[in-house]
Each structure stands twice: as structure tokens, then as C-alpha cells.
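Asks: Quick one: the structure is below, questions incoming.
The values are calculated or read from the model by the stated rules, or taken from the named source; none is laboratory data. Quick caveat, the model's predicted, so the values are computed rather than measured. Heads up, the Cβs are rebuilt from the backbone with ideal geometry, glycines too, and the neighbour counts pull from every protein chain shown.
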Amino acid sequence: MFYRVTKYNFEDDRFDELLAWGETVRSSIEGIDGLSYVDVFRSEPGEGMIVAAYEDEAAFNAASETVTAVLGDMAQFMTSPPHTHSGTVDLSFGR
């Protein structure tokens, strides 16, 4: 698995609008080959995180154009540039 974690700041009073916008890009995101899942959460008022899991680094790289376009459109809600980190899973826990 290969992960992309993106932290972003947004206008908290537009949170509902941000969620509605997210639904408009759902099909673009779900259409990414090799994408296992995407979780989006608000970590505190005005701050959010996106966790995306890909089958491998090749799928991650192939998705870059789509992800860049989505984040570019999402900028209308952001108050600063997003911070993105990525890498291969080294250790995993679950049931």
C-alpha cells in the first residue's frame, strides 16, 4: 500500500459547502485506478485531513494529475496551500 496524507486549512463557516462540493468530485475520485479508499475528516475547526490509500506507488503516481486537479478546485475553500506527505506503508494494524 502507498498513502497520500494531505492536511489543509479551510474557511470553517463554509464546511457544509465544502462537503457538498466533495460530493461533486466523488465520481472523479472513485474512478482512479488502484485507489483503495479516501477518508476525509475535520481534525479541528478550519483544519482537515485527507488520507488516500493506493494499491502501490505506480497507482499513486498515475493518479497525480487527477488529484492535482481536484485539490486545485478545492482551493476555493482553502485558506492556505495544502501540505501533502506520501509513502509506503511500513507497519499496519487492524482486525
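Asks: Any residue in segment 49-70 that is out of contact with any Pro (no Cβ under 9 Å at 6 or more places or on another chain), farther than 10 Å from Tyr3 by Cα and assigned to a strand (DSSP E or B)?
Replies: yes
Asks: Condition first: in contact (Cβ under 8 Å) with a residue 40 or more places away in the chain and within 14 Å of Thr66 (Cα to Cα). Now tell me which residues in segment 23-51 satisfy that.
Replies: Val25, Ser28, Ile29
Asks: Counting only residues that are small (Gly, Ala, Ser) and surrounded by 13 or more Cβ atoms within 10 Å (Cβ to Cβ), which one in segment 43-74 is farthest from Asp90 (Cα to Cα)?
Replies: Here the answer is Gly46.
Asks: Among the residues in segment 23-42, are any in a strand (DSSP E or B), among the polar types (S, T, N, Q) and at pLDDT 95 or above?
Replies: Taking every residue of segment 23-42 in turn, at least one turns out to be in a strand (DSSP E or B), among the polar types (S, T, N, Q) and at pLDDT 95 or above.
Asks: Sticking with this one: Which of the following residues is under 20 Å from Asn9 (Cα atoms), touching a strand residue (DSSP E or B) at 6+ places or on another chain (Cβ under 7 Å), surrounded by fewer than 16 Cβ atoms within 10 Å (Cβ to Cβ) and not small (Gly, Ala, Ser): Thr84, Thr88?
Replies: Thr84
Asks: Does segment 28-42 hold any residues that are touching a Ser or Thr at 6+ places or on another chain (Cβ under 7 Å) and either exposed (fewer than 14 other Cβ atoms within 10 Å of the Cβ) or over 17 Å from Arg4 (Cα atoms) (or both), and which are they?
Replies: Ser28
Asks: Another question about this same structure. Are any residues in segment 72-93 part of a loop (DSSP other than H, G, I, E, B) and either touching a Pro at 6+ places or on another chain (Cβ under 9 Å) or hydrophobic (A, V, I, L, M, F, W, C) (or both), and if so, which ones?
Replies: Val89, Leu91, Phe93
Asks: Being within 22 Å of His83 (Cβ to Cβ) and exposed (fewer than 14 other Cβ atoms within 10 Å of the Cβ) is the filter here, so list the residues in segment 18-27 that pass it.
Replies: Leu19
Asks: In segment 81-95, which residues are modelled with pLDDT under 95 and small (Gly, Ala, Ser)?
Replies: Ser92, Gly94
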